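**Student:** Have a look at the structure that comes next, please.
The values are calculated or read from the model by the stated rules, or taken from the named source; none is laboratory data. Everything quoted here is computed from the prediction, not taken from an experiment. Here the Cβ is made from the backbone with ideal geometry for all residues, glycine too, and neighbour counts use every protein chain on show.
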Amino acid sequence: MIADRLRERIAESGPISVAAFMTQALFDPSEGFYATKDPIGAGADFITAPEISQMFGELVGLWIAQSWLDMGKPDPVQVVELGPGRGTMMSDALRACRAVPGLLPAMQVTLIEASAALKAVQAQTLGPSGAQIRWIDRLENVPAGPAIIVGNEFLDCLPLRQAIRHAGRWHERLVGLDENDANEFVFVLGPPLGVDEALIPERLREAPDNSLVELRPGDRQVVDQLAARFATQPGRALLIDYGPAHSETGDTLQAIRAHQKVPPLQDPGTADLTARVDFESLITAAREHGLTSWGPVEQGPFLLNLGMEARAAVLSQASPGQRSVIARQVWRLTDEEQMGSLFKLVCLDSPGLAIPPGFSAD
Ligand code: SAH
């Protein structure tokens, strides 16, 4: 079991970072939470926006189509999805893109997916689309050329580090074993961060003792890769995730199993582990790397702005029996108390493109 292997590792060489714990729990090749099964959907562990309604992926499809037009209809264009889950968003997006002459034949679709189990589900979902689809393990390996990149709930599961302020200094928060019960994982205070203190947003660096900050090396890596690509090739990326617009202190690591919150260190590999995305740090890093950034905008206004009500009306007219189901889907995706406000979108692109659909200049 993953838990046994983690215990052995900690017993042998001492406590490990939250990021190392998360990496093993989620991506252990034989037993990791994502590596082995399909955790997404009403009957599984957690649900995501594309699984709530086809309208979500369709509007992302319109966003892709408008971006392609804004970029001058490049042919070929690389259309890339980061962490496609069940492949539902891309499947709905491709259907919407069919309405735009020339777009589907120009598209080369690449899915970046770490999980073998989910790759198989994606192949099944996208088979009927008829699009040419390939799987690549890393963004750097996507063929050169103009690109449109999308990702929903990809950043939130990238392994993160946590740091705690203790006696005026920041220390790494580590995962160790309970002194009284070596079966139990517990958080322990690790060594001072040292030079990595510079990774903490400046505004939070003087936070009071016992404050906790989260550092997201995985997000930075995504920004680095986008910046490297978009420095020489035109491109646009849409990242959709949950988190505050401004950097905050606080422990947001959470585990979800069968739609219930469970303690994050309990039974690693059997629950999804995610944490809020720090959009402010993401955007700061993107700008430092020469990318243009837009947003974050909240998911509710974004979807309504792109025409979700009109799409819902068309769908309801086509299937009047589904009217209340469709209205409920709109509510879940856009209401402030549901996913409409906590979920946000940022667009990072190469300089000089038009204002991306759903964003505004200020
Ligand atoms: N976008 C989908 C799934 C979100 S779950 C949806 O909205 O339903 C996160 C997805 O990212 C899963 O498919 C997971 O296997 C994948 N993933 C997470 N980290 C990854 C990484 N480092 N490389 C590639 N895929 C990753």
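**Student:** Quick check on my filter: what residues within region 100-145 are more than 16 Å from the ligand (Cβ to nearest atom), touching a strand residue (DSSP E or B) at 6+ places or on another chain (Cβ under 9 Å), in a loop (DSSP other than H, G, I, E, B) and among the hydrophobic types (A, V, I, L, M, F, W, C)?
**Tutor:** 131, 144
**Student:** Okay, moving on. Spot the failing condition for residue 173; the list is (1) crowded, with 20+ Cβ neighbours inside 10 Å; (2) within 13 Å of the ligand (Cβ to nearest atom), and only one is missed.
**Tutor:** The failed condition is (2).
**Student:** Just the residues that are more than 10 Å from the ligand (Cβ to nearest atom) and at pLDDT below 95, please, taken from region 46-69.
**Tutor:** none
**Student:** Between residues in region 113-124 that are under 10 Å from residue 86 (Cβ atoms) and residues that are modelled with pLDDT under 95, which pairs lie under 6 Å by C-beta distance while being six or more apart or on different chains?
**Tutor:** From region 113-124, the pairs are 121/38.
**Student:** Look through 112, 52 and report the one residue that is over 30 Å from residue 324 (Cβ atoms) and under 19 Å from the mean Cα position of the chain (by Cα).
**Tutor:** Step by step, each of 112, 52 is checked, and only 112 is over 30 Å from residue 324 (Cβ atoms) and under 19 Å from the mean Cα position of the chain (by Cα).
**Student:** Out of all the residues in region 259-299, which are more than 17 Å from the chain's Cα centre (by Cα), surrounded by 21 or more Cβ atoms within 10 Å (Cβ to Cβ) and more than 18 Å from residue 19 (Cβ to Cβ)?
**Tutor:** If the condition is that a residue be more than 17 Å from the chain's Cα centre (by Cα), surrounded by 21 or more Cβ atoms within 10 Å (Cβ to Cβ) and more than 18 Å from residue 19 (Cβ to Cβ), then 291 is the only one that fits.
**Student:** Next question, about the same structure. Kindly list, by first and then second residue, each pair from a residue in region 217-242 that is among the hydroxyl-bearing types (Ser, Thr, Tyr) to a residue that is more than 13 Å from the ligand (Cβ to nearest atom), limited to pairs with Cβ atoms under 7 Å and residues at least 6 apart or on different chains.
**Tutor:** Between residues of region 217-242 that are among the hydroxyl-bearing types (Ser, Thr, Tyr) and residues that are more than 13 Å from the ligand (Cβ to nearest atom), the close pairs are 242/276; 242/342.
**Student:** Which of the residues that make up region 81-99 are more than 11 Å from the ligand (Cβ to nearest atom), part of a helix (DSSP H, G or I) and of a type in the set (A, V, I, L, M, F, W, C)?
**Tutor:** Scanning region 81-99 gives 93, 94, 96, 97.
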